[in-house]
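A.B. asks: One structure, as structure tokens, below. Some questions next.
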Amino acid sequence: MLLSVPTAPPIAGGEARVPQIDAVLDRLRDCNPTPEPGLKASFAPLAAGTWRVAFAPHIAKLSSAAGARFDPILYLLRDDGSITSHVRYTWLGFTDGWLSTVGKYGSRDASTSYVEWEDAWWEPSAEQPGEDPDAGTLAALVSGLGKVGFVSAFANFPVEYLDADLCVFIFPLSQTRIAAVRVGGRLDVWQQQ
């Protein structure tokens, strides 16, 4: 079973498991229960809620190279098409906090969804993420950098698998898969910190 044992996800290390998880995701893609998962009519009944990234090998590589850990990575999707992302970071083991973005999500075509970020904020040393971009540290600077860093060409995500508890999509910049599980769903085996 893909996520039956509560071990650290590959976003926190464990790169040796990537080929095994990719093989399972290949099989899941072939039996996707959601036809045309990129269409709003297909994902709308399933999308709303909080999702946690469970598999993201490109983030594991970035984490290792930067001496950082990015976990949890949370996406809060709402029925109105708005999305908030919260990423907890720990750098060099002694500094931490949250990086957050807010925007909207929707459909590009039958197999591709998109996310368009509108604002970003940073909350160093915060135990929990906040919801107000203006309350973040260096708010204007971080917001400006977030807007400059957003590249719409990399905001289209082919969806390979979608059900009520699991979403698998392609991150276009690295062409790697990301798997996210619904927080509180059947596959949510990780405890929130």
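The values are calculated or read from the model by the stated rules, or taken from the named source; none is laboratory data. These figures come from a predicted structure and were not determined experimentally. Cβ atoms come from the backbone with ideal geometry, glycine included; neighbour counts cover every protein chain shown. Accessible surface is based on the protein model in full, side chains and every heavy atom, while ligands, DNA and RNA are left aside. Shrake-Rupley method; radii C 1.70, N 1.55, O 1.52, S 1.80 Å.
Quick grid of which residues meet (1) within 22 Å of residue 69 (Cβ to Cβ); (2) not in a strand (DSSP E or B):
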residue	(1), (2)
84	yes, no
96	yes, no
100	yes, no
137	yes, yes
144	no, yes
148	no, yes
157	no, no
189	yes, yes
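A.B. asks: Here's something else I'd like to know. Exactly one condition in (1) small (Gly, Ala, Ser); (2) crowded, with 18+ Cβ neighbours inside 10 Å; (3) more than 26 Å from residue 19 (Cβ to Cβ) is not met by residue 179; state its number.
C.D. replies: Checking residue 179 against (1) small (Gly, Ala, Ser); (2) crowded, with 18+ Cβ neighbours inside 10 Å; (3) more than 26 Å from residue 19 (Cβ to Cβ), the one that fails is (3).
A.B. asks: Say we look at segment 144-158 and pick out the residues that are in contact with a strand residue (DSSP E or B) (Cβ under 6 Å, 6 or more places away or on another chain) and open to solvent by 20 Å² or more (accessible area, probe 1.4 Å); which of these is nearest to residue 88 (Cα to Cα)? Show your work before the answer.
C.D. replies: To start, the set of residues in segment 144-158 that are in contact with a strand residue (DSSP E or B) (Cβ under 6 Å, 6 or more places away or on another chain) comprises 146, 150, 155-158.
Pick out the ones that are also open to solvent by 20 Å² or more (accessible area, probe 1.4 Å) and you get 146, 150, 156-158.
On the way: 146: 16, 150: 19, 156: 23, 157: 22, 158: 25 Å.
Ranking the qualifying residues of segment 144-158, first place goes to 146.
A.B. asks: Can you name every residue in segment 25-45 that is open to solvent by 40 Å² or more (accessible area, probe 1.4 Å) and either in a helix (DSSP H, G or I) or at pLDDT below 85 (or both)?
C.D. replies: The answer is 26, 27, 29, 30, 40, 41, 44, 45.
A.B. asks: While we're here: Within segment 59-71, which residues are surrounded by fewer than 19 Cβ atoms within 10 Å (Cβ to Cβ) and in a strand (DSSP E or B)? Talk me through it step by step, then tell me what you get.
C.D. replies: As a first pass, look at segment 59-71 and keep what is surrounded by fewer than 19 Cβ atoms within 10 Å (Cβ to Cβ): 61-62, 64-68.
Across segment 59-71, the qualifying residue is only 68.
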